[in-house]
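The values are calculated or read from the model by the stated rules, or taken from the named source; none is laboratory data. Because the structure is predicted, anything quoted here is derived from the model rather than measured. So basically every Cβ, Gly included, is an ideal-geometry build from the backbone, and we count neighbours across all protein chains shown. Remember, those area values only see protein heavy atoms, side chains included, never the ligands or the DNA or RNA. Shrake-Rupley method; radii C 1.70, N 1.55, O 1.52, S 1.80 Å.
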Amino acid sequence: MDDALHEMTATRLRDLLRAGELTPTEVADHFLARIERANPDLGAFATVAPEAARARTAALERDGAHGRATLWGLPGGDKDLWMRAGVPARFGSRAFAGDDAVVPPVSDEIVDVLDAAGMVSLGRTTAPELGFPAYTEPLAGPVARNPWDPGLGAGGSSGGAAVAVAAGLLPCAPGSDGGGSVRIPAAACGVVGLKPSRGLVPAGSGQESLGGLVVNGPLARTTEDTALLLEGMLTWTPDGRVAHPLTLRAPSARAGEYLAAARRGEVAGVGGEDVRGRFRIGVTTDSAWDDFYTITTSDEARAALDTGVATLAGLGHEVDDLSLEPDPTYGPAFRTLWMAGASAVPLDDPARLDRLEPLTRWLIGRGRQVPARELAEALRALTAFERRLVAQVSRFDAVVTPALATTPRPLGWFDPEDPERNFEQQCQYTPWTSMLNVAGLPAITLPTRWTDDGLPMGVQLIGRPGGETTLLALAAQLEDRLRWADRHPPAW
């Protein structure tokens, strides 16, 4: 059985672990061996921690808590932006290398939540410097390479997590998304990535970040595994409700309902019965960046969108075009917010600031020059944008866009020296993601077709606030027809 463990879904592994047919140590050892072989070529992990992982699996086996934790014994990884108590954190940056690494006394909340859910961290998945870029090519290394073509990038900032899942180095992986950082690498690597509604996941609700942009979310090869990891990222009360210690919260399903929607392609109706339903779905290629940058949708992106829309129509859903209202305030307001957020990076030593990459140094420097009035005006403009976008999207059960505007970009394609040009390239590559962080809406990216060169391309489904079960149900229906999980990259 061991030779086939990476072929199994996370849900299947979880079931075998619960039944006692596999042990956490057996599963961890299998994936650690795959990481040892493949990671030098792929850069999925910034650091691998086999000793800590085996100590963790031994503790799980001693406790014998089969079935009591959602992710009991499943391997995963800490994104290299997250803190784990006692483990050096370098944030993909030369400014935090060596003795300048942060060794935190306590873990981030998301790390504690995943530990409590029974997940076993095998190490730290690669992220770009401080998580700002939409690609994962940190000068501090390693570079996350696309498993479908190692000369191409994996997207970012959860690039290492996406590579690990796509290449079978992990069955699923957690990430974070502040402007598309789960969805972009998932789309580039041909896996599923879900950005939850703002306020759904307590450990990363959005409340902690300026403008409410950053939330934590799952990446996996299948819709069902994505839902399983989402449930593991939530903390549940005994009666099956999300235990939310904060005031900010999104409408949530009961325990097991996300997994049920993904498993059956249905959502629970009034009284709890399953309702497959005929959903009303909007389709658009409009982007909030249209009035600021030149946005071009490539032929490959349009073909992926057409495949997704045609499949949804073939499933009996009502499909209508949607034209988003133009908003010339979005571009400058978002840039102001993004730079202001960068200004809070805890670096003041000029020598360490000089070790930052040009893009990061530019964001921090510009952010520290933003007047309070300009930031307040940007936040007001984005709040107005949020209200308008939520109203437009809420006319539909879901809205479909391309996932990315073009195929995954070659390594080094994003300008390494001109940060202004670099920022523009990122927005042109992924013009449909950041607006959903601003609006706090849930969204999921998934592959719908492969190019003639064997590269994955896909779509993004956008939901109403708290609409994760609908998105998971629609994704499951698409997966049933398109069977993307049956395809593996050459690096597999």
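Working only within region 45-56, note down all residues that are out of contact with any Ser or Thr (no Cβ under 9 Å at 6 or more places or on another chain), assigned to a helix (DSSP H, G or I) and either open to solvent by 40 Å² or more (accessible area, probe 1.4 Å) or farther than 30 Å from Arg355 by Cβ (or both). Glu51, Ala55 - these are the residues of region 45-56 that are out of contact with any Ser or Thr (no Cβ under 9 Å at 6 or more places or on another chain), assigned to a helix (DSSP H, G or I) and either open to solvent by 40 Å² or more (accessible area, probe 1.4 Å) or farther than 30 Å from Arg355 by Cβ (or both).
With respect to the numbered conditions (1) within 18 Å of Met339 (Cα to Cα); (2) outside any loop (DSSP other than H, G, I, E, B), which one is the sole condition not fulfilled by Glu417? Status for Glu417: all satisfied but (2). Does region 195-218 contain any residue that is assigned to a loop (DSSP other than H, G, I, E, B), open to solvent by less than 10 Å² (accessible area, probe 1.4 Å) and closer than 23 Å to Ile35 by Cβ? Taking every residue of region 195-218 in turn, none turns out to be assigned to a loop (DSSP other than H, G, I, E, B), open to solvent by less than 10 Å² (accessible area, probe 1.4 Å) and closer than 23 Å to Ile35 by Cβ. Residues considered: Ala173, Ala186. Of these, the only one that is small (Gly, Ala, Ser), assigned to a strand (DSSP E or B) and either open to solvent by 10 Å² or more (accessible area, probe 1.4 Å) or more than 19 Å from Trp338 (Cα to Cα) (or both) is Ala173. Scan region 57-84 for residues that are touching a helix residue (DSSP H, G or I) at 6+ places or on another chain (Cβ under 8 Å) and open to solvent by 60 Å² or more (accessible area, probe 1.4 Å) and the total you get is 2. Within region 315-344, the set of residues being of a type outside the set (Ser, Thr, Tyr) and either on the phi > 0 side of the Ramachandran plot or in a helix (DSSP H, G or I) (or both) comprises Gly316, Gly331, Pro332, Ala333, Phe334, Arg335, Leu337, Trp338, Met339, Ala340, Gly341, Ala342.
Report yes if some residue within region 302-319 is open to solvent by 40 Å² or more (accessible area, probe 1.4 Å) and over 25 Å from Pro456 (Cβ atoms); otherwise report no. Checking region 302-319: at least one residue is open to solvent by 40 Å² or more (accessible area, probe 1.4 Å) and over 25 Å from Pro456 (Cβ atoms).
Among residues that are closer than 21 Å to Asp306 by Cα, among the polar types (S, T, N, Q) and not in a loop (DSSP other than H, G, I, E, B), Thr401 is included. Screening Arg352 with (1) under 27 Å from the mean Cα position of the chain (by Cα); (2) assigned to a helix (DSSP H, G or I) gives one miss only, at (1). Being assigned to a loop (DSSP other than H, G, I, E, B) and within 22 Å of Asp453 (Cα to Cα) is a description that does not apply to Thr307. Test Thr136 against the criterion of being open to solvent by less than 10 Å² (accessible area, probe 1.4 Å), over 18 Å from Trp432 (Cβ atoms), hydroxyl-bearing (Ser, Thr, Tyr) and part of a helix (DSSP H, G or I), and give yes or no. No; evaluated as a whole, the condition is false for this residue.
Is it the case, given these coordinates, that Phe385 is in a loop (DSSP other than H, G, I, E, B), open to solvent by less than 40 Å² (accessible area, probe 1.4 Å), in contact (Cβ under 8 Å) with a residue 60 or more places away in the chain and not polar (S, T, N, Q)? No, not satisfied. Residue-level check: of (1) over 17 Å from Gly118 (Cα atoms); (2) of a type outside the set (S, T, N, Q); (3) in a helix (DSSP H, G or I), Glu231 misses just (1).
Pairs are defined by a Cβ separation below 7 Å, a sequence spacing of at least 6 or placement on different chains, a first member in region 90-106 that is within 17 Å of Asp348 (Cβ to Cβ) and of a type in the set (A, V, I, L, M, F, W, C), and a second member that is part of a loop (DSSP other than H, G, I, E, B) and open to solvent by less than 20 Å² (accessible area, probe 1.4 Å); the pairs so defined are Phe91/Asp80; Ala95/Leu347; Ala95/Leu356.
Restricting attention to region 119-129, does a residue exist that is in contact (Cβ under 8 Å) with a residue 24 or more places away in the chain, surrounded by 22 or more Cβ atoms within 10 Å (Cβ to Cβ) and farther than 22 Å from Leu169 by Cα? Yes. Residues in region 449-466 that are surrounded by 24 or more Cβ atoms within 10 Å (Cβ to Cβ) and either touching a Leu at 6+ places or on another chain (Cβ under 9 Å) or in a helix (DSSP H, G or I) (or both): Met457, Gly458, Val459, Gln460, Leu461, Ile462, Gly463. Filtering region 421-439 to residues that are closer than 13 Å to Gly331 by Cβ and in a helix (DSSP H, G or I) leaves Phe423, Glu424, Gln426, Cys427, Gln428, Ser434, Met435, Val438. Scanning region 1-44 for residues being out of contact with any helix residue (DSSP H, G or I) (no Cβ under 9 Å at 6 or more places or on another chain) and not in a helix (DSSP H, G or I) gives a total of 1.
For region 467-484, filtering for residues that are open to solvent by 10 Å² or more (accessible area, probe 1.4 Å) and farther than 28 Å from Gln392 by Cα leaves 4. Among the residues of region 110-118, at least one is open to solvent by less than 10 Å² (accessible area, probe 1.4 Å), more than 15 Å from the chain's Cα centre (by Cα), closer than 17 Å to Leu229 by Cα and free of Cβ contacts under 8 Å to residues at least 40 places away in the same chain. Can you spot a residue in region 262-273 that is open to solvent by 30 Å² or more (accessible area, probe 1.4 Å), in a loop (DSSP other than H, G, I, E, B) and not β-branched (Val, Ile, Thr)? Yes, because at least one residue in region 262-273 is open to solvent by 30 Å² or more (accessible area, probe 1.4 Å), in a loop (DSSP other than H, G, I, E, B) and not β-branched (Val, Ile, Thr).
Among the residues of region 197-239 satisfying the criterion of being charged (D, E, K, R) and over 13 Å from the mean Cα position of the chain (by Cα), which is nearest to Ala162 (Cα to Cα)? Checking each candidate, the answer is Asp225.
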